[in-house]
Amino acid sequence: MTFKEGSRPIRTQEMLKEALLTLLQEGHLLHQISIQKLTKRANLNRTTFYLHYQNINELKEHLVSDILQVLTDKIENLTSIFDRNRKEHLIQLLDYLLDQRSYILA
């Protein structure tokens with residue numbers, strides 16, 4: 001439920017996603033995270049949250065979708081390359097997985 005497109009809404013959505021990831025990494029279960037707790041962590045207000053998402057589950061779905069899209073793109077690049085760049089693409093995929101491991105586990 002994106003309010004409008006542009007750099008500010010995109011940045012706001014990223015702040016909300018980052019706040020959700022941080023709370024999950026701290027050990028909070030998804031059902032324990034309130035909009036108030038989330039927006040406080042993101043330094044935003046509740047109204048701003050509702051301009052972008054209907055609920056925390058929708059935010060989580062967008063976050064998972066983002067991670068899966070990057071993984072899909074990297075795997076597609078890897079499987080479509082049949083030359084020396086294949087090793088480089090595999091390293092990029094593995095580096096991405098390493099960088100994102102805490103998010104993926106959360």
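The values are calculated or read from the model by the stated rules, or taken from the named source; none is laboratory data. Since the structure is predicted, the reported quantities are computational estimates derived from the model, not experimental observations. Reconstructed Cβ throughout: ideal geometry from the backbone, glycine too, with neighbour counts over all protein chains shown. Each accessible area value is taken on the protein alone, full model and side chains, heavy atoms only, with ligands, DNA and RNA left out. Shrake-Rupley method; radii C 1.70, N 1.55, O 1.52, S 1.80 Å.
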* To do: Calculate what fraction, in whole %, of the accessible area of the chain sits on carbon and sulfur atoms when a 1.4 Å probe is rolled over the protein chains.
  => 52 percent
* Structure fact -> Under the helix-only model (-39500 (n - 2.57) for each DSSP H run of 4 or more, divided by the residues of the chain), the mean residue ellipticity at 222 nm, to 500 deg cm²/dmol, is -25000 deg cm²/dmol
* Taking the stretch 3-54 and dividing mean pair separation by its residue count, relative contact order in percent (alpha carbons under 8 Å, at least six apart) -> 40 percent
* To do: Using only Cα atoms, figure out Rg for the chain and give it as a multiple of 2.2 N^0.38 Å.
  => 1.26
* Asked: Between rounded, prolate and oblate, where does the stretch 62-102 land on the alpha carbon gyration tensor, with a ≥ b ≥ c its root eigenvalues, rounded for a/c under 1.5, else prolate if a/b exceeds b/c?
  -> oblate
* To do: Keeping all protein chains in place, calculate the accessible area per residue for the chain (probe 1.4 angstrom), answer in Å².
  => 69 Å²
* Segment residue 77-residue 25, extension gain: residue separation times 0.36 nm, minus the distance between their alpha carbons -> 15.8 nm
* Structure fact -> Heavy-atom accessible area with a 1.4 angstrom probe orders 60, 40, most exposed first, as 40, 60
* Structure fact -> Note, the stretch 61-68: 3J(HN,Hα) by Karplus (6.51, -1.76, 1.60, θ = phi - 60°), whole Hz, Gly/Pro = x, goes 4, 5, 5, 4, 4, 4, 5, 5
* Asked: How much length, in nm to one decimal, is gained on full extension between residue 69 and residue 97, taken as 0.36 nm per residue of separation minus their Cα-Cα distance?
  -> 8.8 nm
* Taking the Cα centre of the chain as origin, sum charge times position over the Cβ atoms of Lys and Arg (+1) and Asp and Glu (-1), and report the length of that vector in debye to the nearest 20. => 360 debye
